[in-house]
Amino acid sequence: MSEPRSVSVAELVEGIGMHVFNSDADLHRRITTMDINRPGLALAGYFRYHPAERIQLLGRTELSLLEGMEEREQRLRVYAFCSYDRTPCIVIARGLEPPPALLSVAQAKRLPVLGVGMVTTRAAAVISTFLEARLAPETMMHGVLVDVYGIGILITGASGIGKSETALELIKRGHRLVADDAVIIRRVSDDTLVGSTPPLLQYLLEIRGLGVLNAMTLFGAGAVRTHKKVAMVIHLEAWRDDVAYDRLGIDEETVQILDVELPCITVPVRPGRNLAVIVEVAAMNHRLKRMGYHAAREFSDQLARAVEGHDAYD
């Protein structure tokens, strides 16, 4: 798992198009968390659990609270609010102006005060989306990511096992390529992984004997996509006669990527097996399982009932 990342306030300003009220502020301050704080309690004087490391977002509610205070009380609250060195920035929503007391203290501490024209809830959503894309934990894996019937499938296996050839056959059958060879996987929530391709390798597919191909040029824009939620993993391995492979599929294997458990299917590879069809069926079977139908367990239950019925007649 990669080290936690951070984003500078300057990157946030440029990425969203914010206005900086205090031009000499320290825009090199780092944002290390995707969470955003509405500091109503802090401005009311309760700082015990104040999450100062988050972006502080002030809307009409927080500003009206400050405006309703006496001048001395307002200055005390603002001074305490701006006294945390780990606060990356303050954002004022709705195109409103920051109170002079707040701007004065922030100016003295070089704490960036930013402005956006969006309503507060919209501003929070836009900032969160930006930070999720930049701060989400990520890793790079060797494999192929394809979109098959709307299911994001990560195909892994040793080099030369047939991952890219399988992806090529799937593209010919109407499915879509996300990434070949190198897959960047980000954890965008506690249980959601999204895969994409490095910019240098976008739309490219390497086939031994043919070289590097551009899937979008060959098959059209409908044959590729830039990112996809990873729903399952199919691991390809060379067929071994001394291994007893699962023939029913009752016991489900999982693999852990960035602390997220994903269902994993191991498919043995040998001449004559149509891997593209196997991947297609795996995608459809995964969808059925999500809808509550598990064919292997249904067969096992029917078999158990048949055996019990046979024993009852004996």
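Values in this text are rule-based calculations from the coordinates and carry no lab data. Just so it is clear, the model here is predicted, and its values are computed rather than measured. With ideal geometry, Cβ positions are generated from the backbone for all residues, glycine too; neighbour counts draw on all protein chains shown.
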At q = 0.08, 0.12 Å⁻¹, what log₁₀ I(q)/I(0) does the chain have when each alpha carbon counts as one equal point scatterer in the Debye sum? -0.55, -0.87
Could you work out, for the stretch 7-134, what percent of all Cα-Cα pairs fall into each 5 Å distance bin, beginning at 0 Å and stopping at the bin that holds the largest distance? 2, 11, 24, 27, 22, 11, 3, 0, 0
In whole Hz, the Karplus estimates of ³J(HN,Hα) for the stretch 154-161 (6.51, -1.76, 1.60; θ = phi - 60°; x where Gly or Pro) are 9, 9, 10, x, 5, 4, x, 6
Please pull out the direction-averaged projected area of the stretch 105-191, using the convex hull of its alpha-carbon atoms, in nm² to one decimal place. 9.5
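Determine one quarter of the surface area of the Cα convex hull of the stretch 93-246, which equals its mean projected area, and express it in nm² to one decimal.
Details: hull surface 57.1 nm².
That works out to 14.3 nm², a quarter of the Cα hull's surface.
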Among the aspartates and glutamates, which have Cα under 20 Å from the Cα of LYS172 when same-chain residues fewer than 8 positions away are ignored? ASP147, ASP180, ASP181, GLU206, GLU280
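For the stretch 31-76, what is the charge dipole size about the Cα centre, in debye to the nearest 20, if Lys and Arg each add +1 at the Cβ and Asp and Glu each add -1 at the Cβ? Let's see the in-between values first.
On the way: 6 positive and 7 negative charges, 22 e Å.
In debye, rounded to 20, the stretch 31-76 gives about 100.
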If amide H atoms are built 1.01 Å from N in the plane of the peptide, which residues on other chains or at least 5 residues away come under 5 Å of the amide H of VAL148? ILE153
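Cut-off is 10 Å between beta-carbons; in what order do ARG173, ARG77 appear when sorted fewest neighbours first? Spell out each step's value before the answer.
Values: ARG173 12, ARG77 21.
Sorted ascending by nearby Cβ count, the order is ARG173, ARG77.
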What is the extension gain from GLU132 to ASN274, computed as 0.36 nm multiplied by their sequence separation minus the C-alpha to C-alpha distance, in nm to one decimal? 47.3 nm
Ranking LEU168, LEU205, LEU27, LEU76 by Cβ neighbours within 10 Å, fewest first, what do you get? LEU76, LEU27, LEU168, LEU205
For TYR149, TYR46, which order do you get if you count the other beta carbons within 10 Å of each Cβ and list the fewest first? TYR46, TYR149
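Work out the length of the dipole vector of the chain about its Cα centre, built from +1 on the beta-carbon of each Lys and Arg and -1 on the beta-carbon of each Asp and Glu, and round it to the nearest 20 debye. Intermediate values should be presented prior to the final figure.
Details: 35 positive and 39 negative charges, 207 e Å.
Roughly 1000 debye, rounded to the nearest 20.
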Using a simple charge model, +1 on the beta-carbon of Lys and Arg, -1 on the beta-carbon of Asp and Glu, nothing else, what dipole does the stretch 136-299 show about its Cα centre, in debye to the nearest 20? 560
For the chain, take the longest principal axis of its alpha carbons; what is the angle in degrees between that and the long axis of helix 163-172, to the nearest 10 within 0 to 90? 90
For a quick protection proxy, order the peptides 256-267, 233-244, 134-145 by their average other-Cβ count within 10 Å, most packed first. 134-145, 256-267, 233-244
